[in-house]
Structure formats: structure tokens, C-alpha cells
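Enquirer: Got a structure for you, written out below as C-alpha cells; questions coming shortly.
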There are 2 protein chains.
Amino acid sequence: MAIEAARLSPSLAAAAILGRRGAPPAALPLRRALPLLLPPRRRRLCFLAAAGGDGRAVALPSSELRKRRGGASSSSSAAPGGGEDEKLRSLRRLLARPDVAIDAYIVPSQDAHQSEFIAECFMRRAYLTGFTGSAGTAVVTKDKAALWTDGRYFLQAEKELSHDWTLMRSGNQGVPTTSEWLNEVLPSGCRVGIDPFLFSFDAAEELKDAISEKNHELVLIKDLNLVDEIWGESRPEPPKEQTRVHGIKYAGVDVPSKLSFVRSQLAENGCNAVVISLLDEVAWLLNMRGSDVPNSPVFYSYLIVEDTAATLFVDNNKVSEDVLEHLEKAGVKLKPYEAILSDVERLAENGAKLWLDSSSINAAIVNVFRSSCERYVKKRGKAGRQIGKESSQGDPATGSSGVQNGTVNALYKVSPATLAKAVKNEAEVEGMKSSHLRDAAALAEFWCWLEGQVRESVPLTEVQVAEKLLEFRQKQDGFIDTSFDTISGYGANGAIIHYRPTPESCSSVGSDNLFLLDSGAQYIDGTTDITRTVHFGEPTPRQKECFTRVLQGHIALDQAVFPERTPGFVLDVLARSSLWKIGLDYRHGTGHGVGAALNVHEGPQSISYRYGNLTALQKGMIVSNEPGYYEDNSFGIRIENLLLVKEVNLPNSFGGVSYLGFEKLTFVPIQSKLVDLSLLSPSEINWINEYHDEVWEKVSPLLSGHSLDWLRKNTRPL
Amino acid sequence: MAIEAARLSPSLAAAAILGRRGAPPAALPLRRALPLLLPPRRRRLCFLAAAGGDGRAVALPSSELRKRRGGASSSSSAAPGGGEDEKLRSLRRLLARPDVAIDAYIVPSQDAHQSEFIAECFMRRAYLTGFTGSAGTAVVTKDKAALWTDGRYFLQAEKELSHDWTLMRSGNQGVPTTSEWLNEVLPSGCRVGIDPFLFSFDAAEELKDAISEKNHELVLIKDLNLVDEIWGESRPEPPKEQTRVHGIKYAGVDVPSKLSFVRSQLAENGCNAVVISLLDEVAWLLNMRGSDVPNSPVFYSYLIVEDTAATLFVDNNKVSEDVLEHLEKAGVKLKPYEAILSDVERLAENGAKLWLDSSSINAAIVNVFRSSCERYVKKRGKAGRQIGKESSQGDPATGSSGVQNGTVNALYKVSPATLAKAVKNEAEVEGMKSSHLRDAAALAEFWCWLEGQVRESVPLTEVQVAEKLLEFRQKQDGFIDTSFDTISGYGANGAIIHYRPTPESCSSVGSDNLFLLDSGAQYIDGTTDITRTVHFGEPTPRQKECFTRVLQGHIALDQAVFPERTPGFVLDVLARSSLWKIGLDYRHGTGHGVGAALNVHEGPQSISYRYGNLTALQKGMIVSNEPGYYEDNSFGIRIENLLLVKEVNLPNSFGGVSYLGFEKLTFVPIQSKLVDLSLLSPSEINWINEYHDEVWEKVSPLLSGHSLDWLRKNTRPL
């Protein structure tokens, strides 16, 4: 699945260039070539699934949810001409309420954890606006209502928004940002409200700075979400799915060891505690999984790890006896999800130095900590004692943000779990390999089936094809869910990088054009993500040329060998240069990190044409390799495998460093029919043949009958 | 010639990663992967030629100078056991003099213009210490004397420094920087003196900040260089060579047009005047050339361009009638070189807003401007008026440095000439092409001759070979000088990237090992820089493998096609990946900018494995393509051509942008004997054959006899 930047219009891509967990693309203080730099943005675009509509929690498998979402953007997301006037009217009444008293309210797409996939009850922007696209921000003033979204969603938003809403086409020339707009439309000195749970601390600070230009005040309304207030009884319940233990067989490292590691990091950084708020980090640290949201096996929670204690903040009902025992063994206590703020206060009052990843921790938590610290300092000051001297100074070497942290006991630094989670251990690698083979078997069966259907001219829509793929996957051991909504794009639809077919609007899959299928699954032991592009008829020379150029880029990256400490962006050019040679390119990154039985998108590494993410690729990391080419209104091509970063044994080792390379995890044939052999070097042809040999060797034992024949046919040497 | 970073130990390379004119490798405010970042350094390492010794100005061609320098590091640079005690004693007496009264004095290698090659009279560090290496900083306190240099010069410095000096091996673990050392050895609150002409403003500010940790004060002693004071009468005179007009035929654009451009930049940036202090920028803007220093056709001068005036600060005696007329036509007035400070004062007093490139403008100029502005503000303040309101704020978008510039009327930004000079016009390109063909003819004659000599076992040292090459070049029309000291390295010497043979210590060139020759010339119409590596006997399979890998990198970069706005560092991996595949690498950048009949190293562009320089490669820029491989104590390989960045016509133009590629300027055969054909793809073999066809076609008309035969033989298809 293409990384987020892939799914954005070029101008918005700046916001997400590093993937969800990457470093913010800050303005570099370099003095030359500044035109190249994009304005700093910390806004994280998350991929909100479309609202389901019946008020139920998302306890269903995402496959089921997708079907329902496919149905319509119905009741809960107001359709044009529906009740949206009433919603806006209610919201404006709230703005004016004396205990609120604000002039504008910003409703983002986020949940409190910066999640890529979020539960229905948190889809507030979709509820309020009726617009169900994954990315968007609504701003409501006393007399105006505007929604920002990017080029992917202009048409959809036009359709879904009522006339009360102004569509702000982000990235189009002259379109202001939300804060620029607020500075424009509000008279000086207004109060702009947000729910501080829904903004990372960095994002809130940035917003505060931006609107202070017009002397607006940013008002954090943490005890009342105004959209929830008007949503009322019809608001879906928060998800209450059971969590489960992610067995040591798959996790590889037990919880006490992981907590020890975190504590060693605390000690090294002179901290007493860390708050973990990213759901995949909590799940990874505690060897737990859940199903609160579609596609990602996570559960809503926070984790605080202290020198000698650890506390999981989660709805008690989600924790079975098994899980409780598992947590107790690791010395992890339970507290209610809502207790997070009071515990952060407690830490502040105890004078703890707290490690906070301000790029992901929400502003509610950070601000509670800061204000508690200040209160505490005052109190102790009165008592004639001094504390807080240990507070971290803004230090670029520790990744501190530009926060005034001289006054609080906080270290603002990327979470200690981020890198640890990205570097897979042996068991995780084993699970990823094993799940990829089962996934490959499902895909071979699927492609064999689809080829047959198209040959026999059975009419099948893009959605039906995706559903059938799900059926094949569901038959595999350990299948849990899709890892994202399948991108099934025939012909011109394949050129829409973020395409998501709906039953009403989708095309049939035929034999006249290219078919691009980007899909993935969550298994008990691993997460997959694969794209193949095929033609069931006769591809044009143009299609073959473009496909072959994309394939050359894929091969070049796959074969790369590089010294340790090389950031991913250095390799990006390898995937593009074959396309560049004929003046082609693609507007998305080349690779993103992938979790082990966790999120299909994870950081901190990436392989991208944006140069802000300096994270080195390290042994044990997993990245996707997915160059593409998209010809508007015509066809789309993407070839994606997942790769494991591994050490390579070479005859030399210049500079005494390790050299790294990739090992393929994905084993599904690449359609030979689309390859223009005349463009390939002998070594590229060799790569294809060796890959197909390996596919046959690894996957054929899992197949029989027609699928086995199909695999044999499709792994023949060129 | 390999870029400066090439010539540094890996740890010091950080300081020069962007070439002399690149952006300072500032610490990026990115929060992840910080271990990759190197500490910010702004110190510019310049390549000081060794001191000549007889007190004469460097009015000689550098070929002649090199011979003399080869002789010995004689009288003017004190040999061990010589008069160095007396020098130190004299200097310490000066430190104590009441009108000086400092506790330490820092003597860097620089001249007042951050030049790569400097005149003898400015080789103060070499005079004081006796150490004649090109890079080094001396610091003298009342009881200590220390010299910092990098790994290239440890052995030489040990030999040349007397026992009074402590050698500080920069880059070695535990070795403090100069400021760390000053903070260590001096008691708190001392006065540290520098000559502010010899530090860029940025470097001086950095130093000031660093020593303020120990409450030391940085004392700018601008009216007295303490080393000059003790050097006394024996100090060489400043160079007084005549300047000349660089004809419009070669310059392409006349001076009024260039000044108009600068003025349009002034207007765009709200400035009234700019000070240009880089000697190549002055020469380029005024279409003048000189010969004050070896290798670069520049002359000591400053230029101030104002809204309606322009003033060249130069020794009057250097300006002939011709040149005077040329300058008058363009409205450029003359003032003495020394008048620069008083003119800057005048500007401050007139309330002018001044554009200063603080990475290159020396601290003397900037500080005079600042103090004059402050005086002026006070004066006007008393008179009841307000000025200085226009003063620039520190703005990352304009490249402002972290200077407190709220109080002065200054814009700190890269010089307006930097990019303009880097993008060559048609006449400059024409001159570069033409001079490269004559250079190629000289090289063909040279290689033909050398091959014959070695075949007949004529004993020849590396120095003799370099001298003979110079003879062949001198015969070419328009030859002026070498563009840098020839790197002539046989066998193990070739592995020393910065190798400079001396008559006493150099090897003979034979047929048992590789011979690396990196050389270049200044012609009236262009500047060349080429490296070839050859074997006159039977190369080992290892040598062939390494050579072929380097060649593959060279070919890959040469053939690169890339969208406009691509920074050079993106392409660096193309030159390395063939080496990386077998665990090899090289510790220098891949490409540097080259001036047109100007400095052999220029910015702002570069192609490097360091990622700080975001300057996009642009049509008309010239870069070197010089991957290499160096096997310690064994052999060195480098293959270098100069390339012109050009627009390429492609069948597509994705994203509506231009695509760029390279056109070769250098046409000298690459030795086929060293190529392992089995490693090459058909397209790589094709590249070599096409290149050699082109070499034959372009250079054969300039040759006859044996040289023509040699060229025919060496351009035969593989």
C-alpha cells in the first residue's frame, strides 16, 4: 500500500512526507537553495475510514465494515439536504454558551492517538460535515463553516457537503490554511477552540503560534467535545472489543524485557517516566493485540512506564483473565482509560521528569503535565524548596522541540518504543515470513481464479474482486483482517493512487486495460501489503514500456546494497531513475515501514523523495518497495513487495562498517506479459527468473490443482 | 580534482562537506535519527599552498612556485631547531603589550577572502609554526602553543613543528577543538584575540559563543596582525600583479548587465548595497581576471555595488589603462583596497541597508558596519529621529544566520553573485568546451609520451611526470596556469587522496602498479579538471574489478536524467552503488562545481553523500563526476570528467517539469585495459564505445603523429 504521501496531492504531500511516524518536515536552517524547502507542517493526516452510519461500534472485522461503508455515506454522516443545518445550528449555540464562549471551533479527523484508522465514535468531522473522506478539517465560526481537504477528495466533498459548507481545496493556489483563514475571517482577538485530545502537542503549539498573529487565543476545551455534545445519544459507543495476548512465539521478546529496555532508556535520559500514546506502541510493548479499529490490531489505551511501575490505561472490560494474568506477571497495573490525565498530574506532583513524544502525545496530556508542574513549583517555592532544576533544555541533539520547557520537568523526544518496534526480532521476522507465504498462496489462488473469470467473460466489479480476494485470504490460517481497504483499480481507476471502489461507482474488471490491486492482511503472526498490476488481454507497447520501467526501479531498489547509517531517502532515486530516463515519475514515496502483526504503516524509517527523514535503515526493519507510474485517465501501475533489511556478507567491508541489503518477504509472480524484454539488462532478466524460481519453491507446496498450474505457468523463466 | 571533503579525514570532512562555497552543514532541527547529524561547523578549510621561502610575492606562475615549494619548507617557515622559539617569544611579548593585552591569539590559515589558494604574505600560520600543510590553526597562549591539523598532515606536522608546539590531531578521539582547548587551559574570563579579517563573521560568532562558556572575551584586533608584526621586514609584499579584462567573448555578459542584475536583487531584497568579498565573485561580476594567487585567476579586492554606484577596492597599481577604461564604462569607481572599512562606515552612516553574506564576509567588515550603525542610531536618536526600522529580522527563508540583526540595517544572505556565477551563459559554455578540447589534446600528447617513456624504462618521478604534463599544456593556446597542484600518485601514493609529490620523497612511475593523475589548467577561456588512472603493465584482477566498479559509478552518474529541482546529493548514490555492491566506497564527494576561467572549486552546487546542500542542479551549471576507490598502501583509482548540466528532450514530461541530464566536457580516453568486461552490461559497454568515438571525433583533429596513433589505439571499440 502506498505510503500516505502517495495519497496526497503534491502540495499536501509535504505534510505527510515522512509517513505517520516520521519526523516533522521542519524547515532546515540551511542558507542555500531554500526555494526547495516546503513550509514546516506538523499536521498529521490520518486515514479515517468512512463513517458506518448505524451508530454501532466498529467491533466488526473491517471486511464487514467495508461492505457496510460501501453501502452509502448514510445517516450518521449527513447527506446534502439532510439535518446538517441543525448540526451547525446546535454547534453554534454551543460556541455561544457562557461556559464555552468561543468564536470558532476546529474539528480535525484525528482520534486522541494520531491513529491511521479510527473508531466510528471518533469520526466527528465526518458526522458534523457529512464529508466521509479520510482526510479533512472542519472549522466553524458564528457565521461560517469551512472544510479543508486535498485533491483526492474534491469531487467527493463537493457531493457530500451541504450548501452551508465552503469547500477549501487544500493545495490549490490561493487557498489559505485553516489558521490563515481564521486570521482572515475573524476580527482581531478572538477565541478559537479545540479539543486538545485531538491535536498533538506540536500541532496545537503550531496552531497557537499561527493564530496569535491576529491576537487570537487558542482555547483548549478538554472536558467537552462539542461535536459529541450535539451527536448525543446517536453517537456510537466507544469500541469495547476484547484484547488478547500476542503470544511470545510471535512477539519474540517478553514484556518484562521490553519494559526493562524502556527503563534503561529512561535512566539514560534522566527521566522517571514516559507516556506512550501511540496504540501500536502500547500493543507492541505489552505484547497485546485488540480490534478496536479496522485494519490495525490495536486497542484504545495509554501506557505509562515508570522507574519501578507500569500502568495500562484501558477500559477494564477489554481485559480478560488471561490478559490480566499476562499483565500482572509483567508488573503492569490497570487503570481506567480516562484516568490518564489524573495520573499525569500525580507524576507532576511527585516531581517526576516525564518523557513526552510531543509529535504524537496529545495537547491535553502535555498541558495537564505542564500546568501541574507549574502549580507544584509554586507550591514548593512557597515551602522554600527548589525543584525543576533538572528540567530539560531545548536541545537539538535530543530531538527536543521548540517548546518552552525550561519551566517543566519534561523531555520532548521521540518515544523510546519507536525505533525498538521498527527493528524486528527473530520471532517477528519468522512470523512475517510465514504469514507472507500463506498470503502468497491466497493470492495465487485468487489470481488463478480471476484470470479464469475474466477469460470466461464473467462480469465482475472491482469491489467483487476485492471481496473474493478476502475470501481466499480468510481461508488461510491465522487470518484476522485486511491491513487496509483494498485498492482495486481497473483501467483509469488504477491511475487514482488512493482509489477505493464503491459498489455503486466502480468499474468492471476486464481484459482491455491494466488492473492494479493493492491489498494486505493482518494475520496472527504478521502483516502483509502487496501490489500487483496485470493485464488479462493484450497490453499496449506504452503500457509495457511503463510497466518495465517501474519494474526496473523495483529491481534496482530490491538489489541495493548500502553501508549502515544510510537513510532511506538515499535509495529512493534507484527506484525512479529508470522512469526519469523517459521523463516519467510518480508522486508518492517508494517505501514505508510495516509492523509485525501491527500497523501496515509505521515509522520511523521511510524511502522517499523527500529528504527530511534522516532515519537510517537498520537490520531488522521492514520496508515496502513500491514504485509506480500513473497515467491520468488511462491506467495505473505499481509493483510492491515487502523487504526485510538484512546484513549482507560481502568480500570487502570498506571503512569497517556493515553493509546492508534486502531480503524479499513477498512471493507472488510478476506478470511476464507486461515486461518489455528489450529494455532489460541480462542481470534484470536474471533477477526476475530468480525471483520466480523462489516463488515457485516457496509457494508451490501450499497449492494444488489449478492454482498450482497457474503458479507453474507464471513462474516460468523469461 | 576531488572536492575538499575528499581531502579530509572522515571526521573533519563534516566541516567541508559542501565544498568551500556550500551551505554550512547546520544541525537540522529534525527530531529523529539525530545520530546521523554531525555537529555544525562553519570553519572553512582553505588550501594554503606551502610557503615559498624567499620573501617574494607570488607573482610567478604556480608551476614555478610549485617547483620552489618542492625544494624545501625553508627559511620563512621555521624548521625544527630554527628560530621558532624567537617567534613565539616575540608573539608572547606582543600578547602582553598594554595596547594588546590578550591571553591567547588564534592564527588560522585563511586570508581575508576565504580563498582556497592564498598569497604568500598571508601564510601567517605557516610562518609562525613552521608547519606548511594547507590546513591548520595555531593557538598561542602565554605558556602554550598548539597547532590543529587533520589526518592528512599528522606526519608532516610532526616533522615540521618544533618541540615548543603541541600537535592537536583533529578528528582523533579525545582531541578538543580550539575553543574547547581554550576553555580548558585558560582560567575563566580571559581575553582571546583574533585578526577579524581572517575569520568569516559566522566563524567569529561561533567562536565567540563557544568561548563565552568560560566567560572568555573574543577580542578583535583589526589594526594589527600580530604575526605580521613579528614577521616584520622579511614578510613578503602583497601581490601586485596586473589585472586584465576578461573579454566579452569569454564572459558572455557585460559588466553593466551583471551589475543591473545585482541591483535588481538589491531592490527585491530591500537593500541599498552589497559587499562582495569572494575574489572569484568580484572577478566574475567585473569581467576581470588577475594572478595574485596560484591556480585561480583572481586578484585581491572587494566590490561594493550600490543602487546607483559600484566601487572596486583594489591596489591602484594593478589596474592598467585598459582595465580602468573597462571599469569606467561600467560605472565602476576605484578605491584603495584598504578603504573598504571606511566605505562600509560611510554606508552605515548614510543609513544604507547592507546585504552581507556572513558565511564569507570577514568579521572585520561586518563588525565595522554594525558598530557604525549603532553609533549612527545613537546620534540620530539624540537628534530625535528614528532609523533602522527597516532592519532585517532573522528569517530562515532568506538564509539569515543566527545573528542579532535586529539592531542593524543588514540582510545576512548568500551573495547574489553565487548562483548567477554558477549558471554559465553560452559564451562561458563555449569557452569551457573549447578549452577542454585543447586540454584533451595536451593530455593525449602527454599520455602518449608517458606510455613511451615507461615502455622504454626511462626513470621518471611523479614530479617529473607532472612537470612534463605542464609542458604539454603550456603549448596549448590560451594556457595560463594549472588550476590546482597536480596530484600525481603512483601505486600506494595514489591511495592518498590529497597526495602532493615532492621531488625528495616521490616515487618513480613504473609499470607494476596503477598511476593516478588528477590535474587541471586555467586557460583564457576556461578551467579544466580531469583525473585518469592507468596501468602501464599488467593490472591485477583486483585492480580491474575496482576500476570497473568505479567506472560503472562514473557511467551511472554521467547518464543520469532527473527532474529539475533535484539537489546534487540525490544523484550521489548512483556513483557509489556499484562499489557498495562489493562492500567498497570512497571517502569524498562525487562532484563539485567548477568556474568558467575561474576557480576550480565553486559552489553552490555539489554532488555528495552529505545531505546538507539542497541546491538544485540547474541547466548551465558545471560539475565534476569523480568517483574513486582507494586501497590503503596499495593503489588509488579515480575517474573524473567535467559535466555540463543541460536540459534533455524526452518523450514525456511528467508533472510538466523539465528533465535535466549531463553533457560531457572532458574528452580523454579511459584505459580499456583496466576494464573487466564481464562486469559490464551491454549499455555500459556501449557508453564507453560511444564516449571513445566522441573523443576521437573531437580531439583527433588537434593531433598528429604518435599522439594521433595513440588516440586511435585508445579509442578503439571494446
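Enquirer: Could you check the stretch B:206-231 and list, in sequence order, the residues that are open to solvent by less than 40 Å² (accessible area, probe 1.4 Å) and not in a strand (DSSP E or B)? It would help to see each step written out before you state the result.
Expert: Looking only at the stretch B:206-231, we keep the residues that are open to solvent by less than 40 Å² (accessible area, probe 1.4 Å), and these are B:207, B:210-211, B:216, B:218-219, B:221, B:224-228, B:230-231.
Passing the criteria: B:Leu207, B:Ala210, B:Ile211, B:His216, B:Ile221, B:Leu224, B:Asn225, B:Leu226, B:Val227, B:Asp228, B:Ile230, B:Trp231.
Enquirer: Are any of the residues in the stretch A:580-587 within 13 Å of chain B (Cβ to nearest Cβ), farther than 30 Å from A:Phe117 by Cα, in contact (Cβ under 8 Å) with a residue 40 or more places away in the chain and part of a helix (DSSP H, G or I)?
Expert: Looking through the stretch A:580-587, none of the residues is within 13 Å of chain B (Cβ to nearest Cβ), farther than 30 Å from A:Phe117 by Cα, in contact (Cβ under 8 Å) with a residue 40 or more places away in the chain and part of a helix (DSSP H, G or I).
Enquirer: Can I ask one more? (1) within 20 Å of B:Thr715 (Cα to Cα); (2) open to solvent by 10 Å² or more (accessible area, probe 1.4 Å): which one isn't true of B:Gln476, the others all being true?
Expert: (1)
Enquirer: Could you list, in sequence order, all residues of the stretch A:165-210 that are free of Cβ contacts under 8 Å to residues at least 60 places away in the same chain, of a type in the set (A, V, I, L, M, F, W, C) and either over 16 Å from A:Ala138 (Cα atoms) or outside the structural domain of A:Arg125 (by the TED database) (or both)?
Expert: Matches in the stretch A:165-210: A:Ala210 only.
Enquirer: Related question: Go through the stretch B:153-162 and give me each residue that's open to solvent by less than 30 Å² (accessible area, probe 1.4 Å) and part of a helix (DSSP H, G or I). Write out each step before concluding.
Expert: If we filter the stretch B:153-162 for residues that are open to solvent by less than 30 Å² (accessible area, probe 1.4 Å), which is where we start, we get B:153, B:157, B:160-162.
Of everything in the stretch B:153-162, those that are open to solvent by less than 30 Å² (accessible area, probe 1.4 Å) and part of a helix (DSSP H, G or I) turn out to be B:Tyr153, B:Ala157, B:Glu160.
For every residue, the table says whether it meets (1) open to solvent by less than 10 Å² (accessible area, probe 1.4 Å); (2) touching a strand residue (DSSP E or B) at 6+ places or on another chain (Cβ under 8 Å).
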| site | (1), (2) |
| --- | --- |
| B:Arg263 | no, yes |
| B:Leu303 | yes, yes |
| B:Val314 | yes, yes |
| B:Glu325 | no, no |
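Enquirer: Additional query: Please work out which one of (1) modelled with pLDDT of 95 or more; (2) open to solvent by 10 Å² or more (accessible area, probe 1.4 Å) is the condition B:Asn625 fails and give its number.
Expert: (2)
Enquirer: Ok, one more. Run down B:Asn652, B:Asn641 and say which single residue is out of contact with any strand residue (DSSP E or B) (no Cβ under 6 Å at 6 or more places or on another chain), in the same structural domain as B:Ala495 (by the TED database) and open to solvent by less than 40 Å² (accessible area, probe 1.4 Å).
Expert: Values: B:Asn641 fails: out of contact with any strand residue (DSSP E or B) (no Cβ under 6 Å at 6 or more places or on another chain).
It is B:Asn652.
Enquirer: Still on this structure, I have one more. Run down A:Lys258, A:Lys249, A:Lys318, A:Lys335 and say which single residue is in contact (Cβ under 8 Å) with a residue 24 or more places away in the chain and exposed (fewer than 13 other Cβ atoms within 10 Å of the Cβ). Walk me through it before giving the result.
Expert: Working: A:Lys258 fails: exposed (fewer than 13 other Cβ atoms within 10 Å of the Cβ); A:Lys318 fails: exposed (fewer than 13 other Cβ atoms within 10 Å of the Cβ); A:Lys335 fails: exposed (fewer than 13 other Cβ atoms within 10 Å of the Cβ).
After ruling out the rest, the residue left standing is A:Lys249.
Enquirer: Right, another one. Somewhere in the stretch A:576-597, is a residue aromatic (Phe, Trp, Tyr), touching a strand residue (DSSP E or B) at 6+ places or on another chain (Cβ under 9 Å) and under 28 Å from B:Val657 (Cβ atoms)? Lay out the reasoning, then the answer.
Expert: Step one: of the stretch A:576-597, the residues aromatic (Phe, Trp, Tyr) are A:580, A:586.
Okay, now just the ones that are also touching a strand residue (DSSP E or B) at 6+ places or on another chain (Cβ under 9 Å), so A:580, A:586.
Next, only the ones that are under 28 Å from B:Val657 (Cβ atoms) stay: A:580, A:586.
Scanning the stretch A:576-597 turns up at least one residue that is aromatic (Phe, Trp, Tyr), touching a strand residue (DSSP E or B) at 6+ places or on another chain (Cβ under 9 Å) and under 28 Å from B:Val657 (Cβ atoms).
Enquirer: Right, another one. Could you tell me whether A:Ser577 is within 27 Å of A:Thr548 (Cα to Cα), in contact with a Leu (Cβ under 9 Å, 6 or more places away or on another chain) and away from every other protein chain (no Cβ under 11 Å)? Steps first, please.
Expert: Values: within 27 Å of A:Thr548 (Cα to Cα): yes; in contact with a Leu (Cβ under 9 Å, 6 or more places away or on another chain): yes; away from every other protein chain (no Cβ under 11 Å): no.
Against the criterion (within 27 Å of A:Thr548 (Cα to Cα), in contact with a Leu (Cβ under 9 Å, 6 or more places away or on another chain) and away from every other protein chain (no Cβ under 11 Å)), A:Ser577 does not qualify.
Enquirer: Let me ask something additional. Which one of A:Ser301, A:Ser257 is more than 26 Å from the chain's Cα centre (by Cα) and hydroxyl-bearing (Ser, Thr, Tyr)? Spell out the reasoning first.
Expert: Numbers: A:Ser301 fails: more than 26 Å from the chain's Cα centre (by Cα).
Testing whether each residue is more than 26 Å from the chain's Cα centre (by Cα) and hydroxyl-bearing (Ser, Thr, Tyr) leaves just A:Ser257.
Enquirer: Something else now. Answer yes or no: is there a residue in the stretch A:655-672 that is among the hydroxyl-bearing types (Ser, Thr, Tyr), away from chain B (no Cβ under 14 Å), over 25 Å from the mean Cα position of the chain (by Cα) and closer than 20 Å to A:Gln552 by Cα.
Expert: Applying the first criterion (among the hydroxyl-bearing types (Ser, Thr, Tyr)) to the stretch A:655-672 yields A:658-659, A:666, A:672.
Retained after the next criterion (residues that are away from chain B (no Cβ under 14 Å)): A:666, A:672.
Keeping just the survivors that are over 25 Å from the mean Cα position of the chain (by Cα) gives A:672.
Narrowing the set further to residues that are closer than 20 Å to A:Gln552 by Cα leaves A:672.
Within the stretch A:655-672, one or more residues are among the hydroxyl-bearing types (Ser, Thr, Tyr), away from chain B (no Cβ under 14 Å), over 25 Å from the mean Cα position of the chain (by Cα) and closer than 20 Å to A:Gln552 by Cα.
Enquirer: Would you check if A:Ser704 is modelled with pLDDT of 95 or more and either farther than 29 Å from A:Gly589 by Cα or of a type in the set (S, T, N, Q) (or both)? Step through it out loud before you land on a result.
Expert: Numbers: modelled with pLDDT of 95 or more: yes; either farther than 29 Å from A:Gly589 by Cα or of a type in the set (S, T, N, Q) (or both): yes.
It is true that A:Ser704 is modelled with pLDDT of 95 or more and either farther than 29 Å from A:Gly589 by Cα or of a type in the set (S, T, N, Q) (or both).
Enquirer: Now for a different question. Looking at the stretch B:537-567, which of its residues are facing chain A (nearest Cβ under 9 Å) and polar (S, T, N, Q)? Steps first, answer last, please.
Expert: Step one: list which residues in the stretch B:537-567 are facing chain A (nearest Cβ under 9 Å), which gives B:556, B:559-563, B:565-567.
Listed by number, the residues that qualify are B:Gln559, B:Thr566.
Enquirer: Would you mind stating whether A:Lys619 is at the interface with chain B (Cβ under 8 Å from one of its Cβ atoms) and open to solvent by 10 Å² or more (accessible area, probe 1.4 Å)?
Expert: Details: at the interface with chain B (Cβ under 8 Å from one of its Cβ atoms): no; open to solvent by 10 Å² or more (accessible area, probe 1.4 Å): yes.
No; evaluated as a whole, the condition is false for this residue.
Enquirer: Another question about this same structure. Within the stretch B:649-670, identify whether any single residue is modelled with pLDDT under 95 and among the β-branched types (Val, Ile, Thr), and answer yes or no.
Expert: Yes, some residue in the stretch B:649-670 is modelled with pLDDT under 95 and among the β-branched types (Val, Ile, Thr).
Enquirer: I'd like the residue in the stretch B:347-375 that is closer than 13 Å to B:Tyr412 by Cα and among the charged types (D, E, K, R) and, out of all such residues, is least open to solvent (accessible area, probe 1.4 Å).
Expert: B:Asp357
Enquirer: Cβ contacts < 9 Å: first residue farther than 23 Å from B:Glu184 by Cα, restricted to the stretch B:92-107; second residue open to solvent by less than 70 Å² (accessible area, probe 1.4 Å) and not in a strand (DSSP E or B), any location; separation 6+ or different chain. Result?
Expert: Listed pairs, sorted by first residue: B:Asp99/B:Leu224.
The values are calculated or read from the model by the stated rules, or taken from the named source; none is laboratory data. A quick note: this is a predicted structure, and the numbers were derived from the prediction, not measured. Positions of Cβ are generated from backbone atoms using ideal geometry, with glycine treated the same way; all protein chains shown enter the neighbour counts. In case anyone asks, the SASA skips ligands and DNA or RNA and just uses the protein heavy atoms, side chains included. Shrake-Rupley method; radii C 1.70, N 1.55, O 1.52, S 1.80 Å.
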